[in-house]
Amino acid sequence: MGEPIFGVLGPLRVRARGESEPLPLGGPKPRAVLATLLLEPGAFVSLDVLTEVLWPGGAPRSAVANVRTYVRAVRAALKAAGIVTDGLRTLPSGYTLDVGPGDHDMLLFEHLLDHARAARDQGDDGAALRGYDTALALWRGGMLQDLPPSVVWDPVVARIEGLRSLAVDECLQVRLRRGDYAPLVADLRTRLAEDPLREDLWQMLVRALYGAGRVTESRVAYAEAERVLAAELGVAPGAPLRATGEEVNGQVAGRRAAPVTPVCQLPMDVPDFTGRDVEIAALEELLSGARRRPVVAVVSGLPGSGKSTLLVHVAHRVRHLFPDGQLFVDLGGMSGRPREAADVLAEMLRGLGVIDNAIPAEPGERAALLRSRLAPRRFLIVLDDASTSAQVRPLLPGTGGSAVLVGSRRRMPSLPAHHCPLGVMRHDEARTLLGRIVGEERLRGADAHADRVLAGCGSLPLAVRIAGARLANRPGWTVAALADFLHDERDRLDRLRAGELEVRASAELSYRHLPEHAAAAFRAFGRLPGEAVPGWLVTVAMGHAEEPGRVLETLLDEHLVEVVGTDPLGLQRYRMHDLLHIYARELTKADDPDVRREHGLRTVDALIALARCANAAMPTRFLGVLGETVPLPGPAAGIARAVRTRPVEWFESERRVLVTAVESALRFGDHARAGDLAVELAGFFDMRGYYDDWLRTHRLALHAGPAPTDTRSAALLRNLGQLHLYQDRYADALAAFTRSRDVFTALGHRSGEAVARLGIGSVHRVTGDLDSALASFTAARYAFRAAADRHGEAIAHNAIASVWLDRGDADAAAPWLDDALALSRDVGDRHREAQVRRRIAVLHELRGTPHMARAELERALGIFDELTDTHCAAYVRQSIGELCLRQGDAGRASALLVDALAVQQRLGDRRAEARVACLLGELHHATGREQTARRYFHRSLSAYRRLDVRDQAELVDAKLRSLR
C-alpha cells in the first residue's frame, strides 16, 4: 500500500503519487475547505458548515460565492497535479469528497488500527505490534496543526486523537506482554510525564522495570506512584496497581497497612431473574466498551417494568470489568422529593473515600471532585430511579474508563447516553417468570388459564410477581381460580398499563388480602424512612413485640419487601419498593394524628435508647455530655448485646435512619427528643468525620427549641463548638463554647462547664492566645475535680501541659504530663493515654532526646492502631515524619509526611495540611528537587492565607522567594 494522497494527521498535506513534495493549495481558506471535506470523507458537507468554518465570527454577504471559488481552486490544484477529482462532487447546497481508505491517512489509520486489534485479540502479538507501529507512523503531529482550529472539526478531531492515544496505550500493553521491557521503560516514563495520574501507566512501568530485572527501581516506581496519587488526588492506588506493587515488593518488613478492598454498594441480585436477554446482551456489550472514555446507558420504562432489577442484575454480571468498585445510589425520583444532586454527590464522594469535611460546599465543586476521583479509575455507577436529566448530569464522569447505568421512568434524550427503553415482558418471559415463582408443576395443563393470568397482569413484572406469590402461598388455589380472581379485579389491573395508578392498584390488590399482622407490618414501613431497615425497627414501628422474621415472612413471600443484605451486626435488612412505600405512607395518613405521633415517637425513643447503649460501649470516650442509659423497649432489647459488641458498626449501619429520626421528631413537634438523639450521635460523627450530618442534626435541634437553658441545649452548643473548631471557624467555635459554658454554669453542671471551658481554651491555644488558654484549662481542671470526673481531669492536665510545651518550657510541662498519664491509666482510657504520649514526645524533643520522643510516638501509634482510630494514627505518623526529617532520614520522612498529607486533606484539617505541605517543601528543597519543593510551598502558602495565619504565611513566602 503506497503513501496516502491526503493527510490530516499533522499539517494538512496533499501529495501526488510518486512525488516527494506536497501540493501547494493556496491560502488558508481553500485549505480549510479541503480539511473540512477530508474530516467527513464520503459525507455531505453543507455550505452552512463550510461558512461556519471559514467565518466563525459572522460570514460576509458573498460567503456562498466565495466558498464556491475556494472549491474550484482546490479542484484545479488537484487536477493539475494529476489527482483524479471525480470524488469531489458539487451538490445543490454543499459538497462531498469520496476518498478511498488507502488514499486518506485518517481512514488508513483506522483501518490499520482495526487490524492490529484483531491480531491482538487472536493472540498474534507480533502482527499486532507491526499493525500498531504502522498505524501510529502515519501521524506527523497534531491533526491539522497548521490551520486555525474550528468548533466544527472538534468532534472528529477529538475522536481520532483519542483513538491515537488509545492505540499508543494498547501498543505499550502488547510490548509489555511480549517482554520488550528495556526500551519500554523510556516510552512509559514519557507518557507518565504527560499524564502522571494514570494508574495503568504506573502499573505498566512497575511491571516493565521488574521484568527487566531492575527490581529496586520497580519498587521505587511503585512508591512514587503512591506518593503522586496521594499528593495530587488524596487516594491510594486502585486494586490492579496495588496488586502489582505487592508483587514486586514481596513481603515488606514493618507495619503493613490494612488491605483495601474495592467498594461494592450493589444491592443483592434477584436469584430468579428471568428474561430480558436482548437488553442484557446489549447493555453488557456497551459496558464492556468502557475503556478510555466513560459509557452511560439509560434504562427507562413504566413503573413496575423491572428497571431496578435489570440494572442490579446487569451490574453484578459486569462487576469484573470494573475492578475499582461499584457505586449504587437511589435518586428518589418516585419519592415525591427527588434527591438533590449536591446531596448525591456527597454520598458518592463518601463511597470513594472522601469524608464530609473534605467535600466542597458548592455542587459544581463537588461534581468536579467526583470527576477527578473517577478519572484514573474504572468504576461502575448505578443511578436508580432518576427524576430528570438535570439530576443525573452532575453525577457523570468526564473522562476515564468508568460506566454509568441510569434507571428512570422518564426518557432522557438530552443526556450523552445510550438509551434502552424497557417495556413489558415478552409473553414467553412472563410465562417463565410465573412458572419459577409458583412451580412449573402448578402450570401443567393450565396454559390457557396461565395466559389469562398474564393478560390480566399486562405482563408487567411487578404484577406477575404479586400474582405468582399469591398463587404460591395458597396451595388450594388453581391457576383457573387465580385467573378468575384477577378477572374480578380487571378494572384495576387494566390500569397497570398506564400511569402511576397502575402500580398503586397492584399494591392495593396485594395489601387487601394480607393477614392482619402482615398488613400492620406493611403500614409500619410507611412510618419509616425509605431506607433499608432492620426487622426489629419494623416491629417497633408496629408496636409489636413479635420476632421480626415472623412478622415480615408474609411480606417477603408476597414480594412486597425484599432482603437487601445483612448488616455488620448480622441482622437482615429489608427494603420496600419505592412505589409500594408511597402506598404504605398513604395508608398511614388515614390514621388518627395522635396515633401517628405515638407510633413515630415510639420509634425515636427506641433509637435514642440504643444510641445510648452503643455510646456506653464505644472504644473511645467522647469529650461531651451524653444522656443516661435507659431500659430498652421491646424488640430493641433483643439486639442490645450485638450493639454493645459492635457499637461503631451499629451507628454506621443506622446512620441515615438515625439522622432521619431527628427530623421526624421535629416534625412531630418534639424538639426534646430530637435534641437527645442529636447529642447521642455527635461522638460517632466525630470519630468517622460525618461533619455534614453533625452540623445538620445539631442546628435543627437547636433552632427548633426554645432559648438554650437546659443541659440538652448546652450539650448541643458544646458539640457545635467542637465542630466549628475542627473546621477552623474560630469565632463561631468560641461563641458556641462560651454560650454552652454559661448555660452549664447556671445549671450547676460542673462537668459540662468544664468540657465547655476546655473548648474555649482550645480555641485560644490554636489562635495563639496562650495566657487565656492556660486560664481556661486551669478553670476546667478545677471544675472536673469538683465534679469528681477523673477522666476530665486527665484531659485538663494534658491540655495545661500543651500550653507549657507551646511556650518551650519542658520543666513546667513535665509534672502535668506525669499526672495526665497516671490518671488516664487509672480510669482505663487508652485513647487518652495515647494522646498524652504524643505530648510526652514533644517534651523529649525539647529536652534533646529524640530517640525517646520516637519511642513515645511509636507507643501512641500502637494504641491508635489497636483502637482502629485511623484519624489519630495519621496525626502521630505526621509527628514521626517531622522527627525523621529533623534527624536527616529524608526517605522515611517523605513516606510518612505524604501519607499524613493525604489524610489531612480527606479530613479537611487545613492547618495540619498547611504544616505538612511546608515540611514536604523543606524536604524536597534539601534534597535538590526544587520544582517539587516549590509546588508544596505554594500549597502551604495558599492554606495559611485561607486561614489568615499571617505569620506562618510570611515564613512560607520567604521560603518560596529563596527558591527563585
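Please work out if ARG765 is surrounded by 20 or more Cβ atoms within 10 Å (Cβ to Cβ) and either in contact with a helix residue (DSSP H, G or I) (Cβ under 9 Å, 6 or more places away or on another chain) or of a type in the set (A, V, I, L, M, F, W, C) (or both).
No, not satisfied.
Go through the residues of segment 702-721 one by one and say whether even a single one is in a helix (DSSP H, G or I) and under 26 Å from the mean Cα position of the chain (by Cα).
no
Quick check on HIS599: is it in a helix (DSSP H, G or I), touching a residue at least 24 places away in the same chain (Cβ under 8 Å) and under 16 Å from VAL540 (Cβ atoms)?
The answer is yes for HIS599.
Would you check if there is a residue in segment 392-410 being more than 30 Å from GLU194 (Cα to Cα) and without any contact (Cβ under 8 Å) to a residue 60 or more places away in the chain?
Among the residues of segment 392-410, not one is more than 30 Å from GLU194 (Cα to Cα) and without any contact (Cβ under 8 Å) to a residue 60 or more places away in the chain, which makes the answer no.
Look through ALA290, ALA297 and report the one residue that is modelled with pLDDT of 85 or more, within 16 Å of GLY401 (Cβ to Cβ) and not in a helix (DSSP H, G or I).
After ruling out the rest, the residue left standing is ALA297.
Could you please find all residues in segment 349-376 being buried (at least 24 other Cβ atoms within 10 Å of the Cβ) and farther than 18 Å from VAL903 by Cα?
Those that are buried (at least 24 other Cβ atoms within 10 Å of the Cβ) and farther than 18 Å from VAL903 by Cα: LEU374, PRO376.
Looking only at residues that are part of a loop (DSSP other than H, G, I, E, B) and of a type in the set (Val, Ile, Thr) in segment 629-652, which one is modelled with the lowest pLDDT?
Per the criteria, the residue is VAL630.
How many residues does segment 542-583 contain that are modelled with pLDDT of 70 or more and either among the small types (Gly, Ala, Ser) or in a strand (DSSP E or B) (or both)?
Number of matching residues: 11.
Please list, ordered by first then second residue, the pairs with beta carbon atoms under 7 Å, 6 or more apart or interchain, first in segment 200-212 and under 10 Å from TYR181 (Cβ atoms), second assigned to a helix (DSSP H, G or I) and among the small types (Gly, Ala, Ser).
Close Cβ pairs (under 7 Å, with a partner that is assigned to a helix (DSSP H, G or I) and among the small types (Gly, Ala, Ser)) amount to LEU209/SER218; LEU209/ALA221; TYR210/SER218; ALA212/ALA182.
Please state which one of LEU9, LEU34, LEU39, LEU78 is touching a Lys or Arg at 6+ places or on another chain (Cβ under 9 Å) and surrounded by 18 or more Cβ atoms within 10 Å (Cβ to Cβ).
Of the residues listed, the single one that is touching a Lys or Arg at 6+ places or on another chain (Cβ under 9 Å) and surrounded by 18 or more Cβ atoms within 10 Å (Cβ to Cβ) is LEU9.
Output the residue which, of all residues in segment 158-216 that are polar (S, T, N, Q) and assigned by TED's automatic domain parsing to the domain that holds ALA135, is farthest from PRO11 (Cα to Cα).
Checked segment 158-216; the qualifying residue farthest from PRO11 (Cα to Cα) is GLN173.
Can you name the residue in segment 437-472 that is part of a helix (DSSP H, G or I) and exposed (fewer than 14 other Cβ atoms within 10 Å of the Cβ) and, of all such residues, is modelled with the highest pLDDT?
Here the residue is ALA448.
Can you pull out the residues in segment 728-745 that are touching a helix residue (DSSP H, G or I) at 6+ places or on another chain (Cβ under 8 Å) and of a type in the set (D, E, K, R)?
Matches in segment 728-745: ASP728, ASP732, ARG739, ARG741.
Does LEU626 fit the bill of being among the hydrophobic types (A, V, I, L, M, F, W, C) and at pLDDT 85 or above?
It is false that LEU626 is among the hydrophobic types (A, V, I, L, M, F, W, C) and at pLDDT 85 or above.
To keep it simple, each residue is scored yes or no on (1) surrounded by 15 or more Cβ atoms within 10 Å (Cβ to Cβ); (2) farther than 30 Å from ARG757 by Cβ; (3) among the aromatic types (Phe, Trp, Tyr).
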site	(1), (2), (3)
ARG573	yes, yes, no
MET576	yes, yes, no
LEU587	yes, yes, no
ALA590	no, yes, no
VAL595	no, yes, no
ALA606	yes, yes, no
ASN615	yes, no, no
ARG621	yes, no, no
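Under 7 Å by Cβ, and 6 or more places apart or on different chains, what pairs join a residue from segment 723-746 that is in the same structural domain as PHE622 (by TED's automatic domain parsing) and part of a loop (DSSP other than H, G, I, E, B) with one that is crowded, with 19+ Cβ neighbours inside 10 Å and modelled with pLDDT of 95 or more?
Note: no pairs meet the criteria.
Of all residues in segment 211-240, how many are in contact with a Ser or Thr (Cβ under 8 Å, 6 or more places away or on another chain) and surrounded by 20 or more Cβ atoms within 10 Å (Cβ to Cβ)?
Summing the residues that are in contact with a Ser or Thr (Cβ under 8 Å, 6 or more places away or on another chain) and surrounded by 20 or more Cβ atoms within 10 Å (Cβ to Cβ) in segment 211-240 gives 1.
Inside segment 596-634, can you point out the residues that are among the small types (Gly, Ala, Ser) and farther than 18 Å from GLU654 by Cβ?
GLY624
Which of the residues spanning segment 101-111 are under 39 Å from the mean Cα position of the chain (by Cα) and buried (at least 19 other Cβ atoms within 10 Å of the Cβ)?
Across segment 101-111, the qualifying residues are MET106, PHE109.
Can you tell me how many residues within segment 126-141 are crowded, with 17+ Cβ neighbours inside 10 Å and either in a helix (DSSP H, G or I) or on the phi > 0 side of the Ramachandran plot (or both)?
Selection size over segment 126-141: 6.
Of the conditions (1) within 30 Å of the chain's Cα centre (by Cα); (2) surrounded by fewer than 17 Cβ atoms within 10 Å (Cβ to Cβ), ASP771 clears all except one; give me its number.
Of (1) within 30 Å of the chain's Cα centre (by Cα); (2) surrounded by fewer than 17 Cβ atoms within 10 Å (Cβ to Cβ), only one is false for ASP771: (1).
Condition check: among the small types (Gly, Ala, Ser) and crowded, with 24+ Cβ neighbours inside 10 Å. Does ALA855 satisfy that?
no
Could you please find all residues in segment 808-830 being at pLDDT below 90, surrounded by fewer than 19 Cβ atoms within 10 Å (Cβ to Cβ) and either under 19 Å from ALA780 (Cβ atoms) or among the polar types (S, T, N, Q) (or both)?
VAL827
May I ask you to say which residue of ALA315, ALA367 is in contact with a Pro (Cβ under 8 Å, 6 or more places away or on another chain), assigned to a helix (DSSP H, G or I) and either within 15 Å of ARG409 (Cβ to Cβ) or in the same structural domain as LEU405 (by TED's automatic domain parsing) (or both)?
Just a single option satisfies the conditions, and that option is ALA367.
Which residues, taken from segment 241-277, are modelled with pLDDT of 80 or more and loosely packed, with under 11 Cβ neighbours inside 10 Å?
ASP277
Go through segment 516-541 and give me each residue that's in a helix (DSSP H, G or I) and modelled with pLDDT under 85.
GLU516, HIS517, ALA518
Can you find, within segment 657-697, the residue that is surrounded by the most Cβ atoms within 10 Å (Cβ to Cβ) among those that are closer than 18 Å to LEU569 by Cα and modelled with pLDDT of 90 or more?
Ranking the qualifying residues of segment 657-697, first place goes to LEU658.
The values are calculated or read from the model by the stated rules, or taken from the named source; none is laboratory data. Note that the coordinates shown come from a computational prediction; the quantities given were computed from them, not determined experimentally. With ideal geometry, Cβ positions are generated from the backbone for all residues, glycine too; neighbour counts draw on all protein chains shown.
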